[in-house]
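> First the structure, which I've put down as structure tokens, then a few questions once you've had a look.
None of the figures in this text is laboratory data; all of them are computed from the coordinates on show. Nothing here was measured: the structure is a model prediction, and the numbers come from that model. Quick reminder, even Gly has a Cβ in these numbers, built from the backbone with ideal geometry, and neighbours come from all protein chains shown.
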Amino acid sequence: MKKICVIGSLNMDLVVKVDAMPKGGQTIIGSDFKEVPGGKGANQAVAMARLGGNVSMIGKVGNDGFGQTLIKALKNDNVDTKYIGIEDGPTGVALITVDNNAENSIVVAPGANFKVAVEDIDSDIEAILNSDIVVVQLETPLETIKYSLKKAKEAGKYTILNPAPAVVLEDAVIENVDLLTPNETELEILSGIQINNEDDIKRAAQIMIDKGVKELIVTLGSKGSLYINKEKTILKKAYKVEAIDTTAAGDSYTGALSVAFANNKDVVEAMDFASKVGALSVMKEGAQSSLPTLKDVESFRG
């Protein structure tokens, strides 16, 4: 199996259930408050490890209780935490509300995640050099993300960017991405194309390909996912399940794709595997607490 390096965020998710999302100025009563390890980078690393991936992670936590808990959680799932630094100050946190329709609203305070610097990538470069696939998201500084992708491509690695939370990216970031894994909203922000249908998705994807991306897998929620490169498109329908909480569904999908590619699966097999993982993740609450194991996926009959 090929090795994977995840460069990204670690957050403690503070999750509360609500009947409906509050409106501006409104106070509502929630229920079922939980502290759940999260952060897009850590979620993806844990997803990979639970699916049998060989994963290391570059990131930072604060010198507080949350940071210690997050590192311990990664170790418990066999993620290599050698390259996770500890900074003075707070660990990143995410304030998450989940409503009765399983939709969520998230506010992130980055904390130590925004202290992951270019110098840290240089000092931890062996994590990239010893990997085959490098996966990044957008919850650490953009300059660090750009540098990480550049160094990974210089070393001949396959790069995956999950562009969340979405922002407009300069071409110097995009040109070093092999696989882009946005949802429809993220692709709209990246491309500047308003997306209302599949043709819009293809037009937006072509803009990203023209900027240097080799291929895209666009997640479409309950409609499935769409693979696009210069030559072809492939639609994979989603597995029908009853969703309880969509938190980390996208992270589980990107993590599963990475493991499938690490096992030399083709894109159709990878998308099917990731679709199963995504379906299983929305059937449980929380971020890392919802991520399935390889055994769960093998027994899934969607």
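> Would you work out if region 112-189 is rounded, prolate or oblate? Take a ≥ b ≥ c from the square roots of the eigenvalues of the alpha-carbon gyration tensor; rounded if a/c is under 1.5, else prolate when a/b is larger than b/c, oblate otherwise.
Numbers: a/c = 2.03, a/b = 1.38, b/c = 1.47.
It is oblate, given that a/c is not under 1.5 and a/b is not larger than b/c.
> Could you please report the charge total around MET21, scoring K, R as +1 and D, E as -1 over all other residues with beta-carbon less than 15 angstrom from its beta-carbon?
Neighbourhood net charge equals -2.
> What is the magnitude of the charge dipole of region 64-138 about its Cα centre, with +1 placed on the Cβ of each Lys and Arg, -1 on the Cβ of each Asp and Glu, and no other charges, expressed in debye to the nearest 20?
Charge dipole of region 64-138: 240 debye, to the nearest 20.
> Sticking with this one: Which one of ALA112, PRO90, ALA127 has its Cα pushed farthest toward the positive end of the charge dipole of the chain, where Lys and Arg give +1 and Asp and Glu give -1 at the Cβ?
Highest projection toward the positive end goes to ALA127.
> Turning to a different aspect of this structure: Would you work out which of VAL218, ILE195, LEU280 lies farthest towards the positive end of the dipole of the chain? Charges go on Cβ: Lys and Arg +1, Asp and Glu -1.
Working it through, the farthest residue towards the positive pole turns out to be LEU280.
> Considering only DSSP beta bridges whose two residues both sit in region 130-229, what percent are antiparallel, to the nearest 5?
So the antiparallel bridges amount to about 30 percent of the total.
> Can you put VAL168, VAL108, VAL134 in order of Cβ neighbours within 10 angstrom, beginning with the fewest?
Details: VAL168 8, VAL108 19, VAL134 27.
The order, fewest Cβ neighbours first, is VAL168, VAL108, VAL134.
> Once you've got the GNM for the chain with C-alpha springs shorter than 10 Å, pick whichever of LYS60, LYS276, LYS82 has the biggest mean-square fluctuation.
LYS82
> While we're on this one: How large is the dipole of the chain about the Cα centre if only Lys and Arg carry +1 and Asp and Glu carry -1, each at its Cβ, rounded to the nearest 20 debye?
Taking the Cα centre of the chain as origin, the dipole is about 680 debye.
> In this model, which of LYS157/LYS236; LYS72/LYS146; LYS40/LYS146; LYS146/LYS232; LYS240/LYS284; LYS34/LYS75 are farther than 19 Å apart at the alpha-carbon? Mind showing how you got there, number by number?
Details: LYS157/LYS236 26 Å; LYS72/LYS146 29 Å; LYS40/LYS146 17 Å; LYS146/LYS232 28 Å; LYS240/LYS284 15 Å; LYS34/LYS75 21 Å.
Long pairs (Cα-Cα over 19 Å): LYS157/LYS236; LYS72/LYS146; LYS146/LYS232; LYS34/LYS75.
> Let me ask something else about it. Based on the Cα gyration tensor of the chain, what are the three equivalent ellipsoid semi-axes, each the root of five times an eigenvalue, rounded to whole Å and given largest first?
25, 24, 19
> Which one, ALA47, ALA256, ALA94, has the greatest fluctuation when you compute a Gaussian network model over the chain with C-alpha springs under 10 angstrom?
Per the Cα network of the chain with a 10 Å cutoff, ALA94 tops the list.
> Let me ask you something else. With both partners inside region 3-298, how many of the DSSP beta bridges are antiparallel, as a percent to the nearest 5? Walk me through the numbers before you get to the answer.
Numbers: 20 of 51 bridges.
About 40 percent, rounded to the nearest 5.
> To continue, here is another question. By how many nm would the segment from GLU35 to VAL16 lengthen if fully extended, with 0.36 nm per residue of separation less the alpha-carbon distance?
Working: separation 19, 0.36 × 19 = 6.84 nm, distance 0.91 nm.
Full extension of this stretch gives 5.9 nm more.
> Simple spin-label model, 7 Å along Cα-to-Cβ: MET283 to ALA172 in nm?
The modelled label-to-label distance comes out at 4.6 nm.
> In nanometres, what is the gap between the two model label sites at LYS2 and THR233, each 7 Å from Cα along Cα-to-Cβ?
2.6
> How big is the dipole moment of region 181-229 about its Cα centre under a simple scheme where the beta carbon of each Lys and Arg is +1, that of each Asp and Glu is -1, and everything else is neutral? Debye, nearest 20, please.
Computed charge dipole of region 181-229: roughly 120 debye.
> In deg cm²/dmol, rounded to 500, what helix-only [θ] at 222 nm does the chain give when every DSSP H run of at least 4 residues adds -39500 (n - 2.57) and the total is split over its residues?
Working: 11 runs with 106 residues, N = 302.
About -10000 deg cm²/dmol.
> Between GLU119 and ALA155, what is the label-point separation in nm under the 7 Å Cα-to-beta-carbon projection?
Calculated label separation equals 2.0 nm.
> Calculate, in nm to one decimal, what LYS295 and LYS75 gain on full extension: separation in residues at 0.36 nm each, minus their alpha carbon distance.
Numbers: separation 220, 0.36 × 220 = 79.20 nm, distance 1.95 nm.
Taking LYS295 through LYS75 to full extension adds about 77.2 nm, to one decimal.
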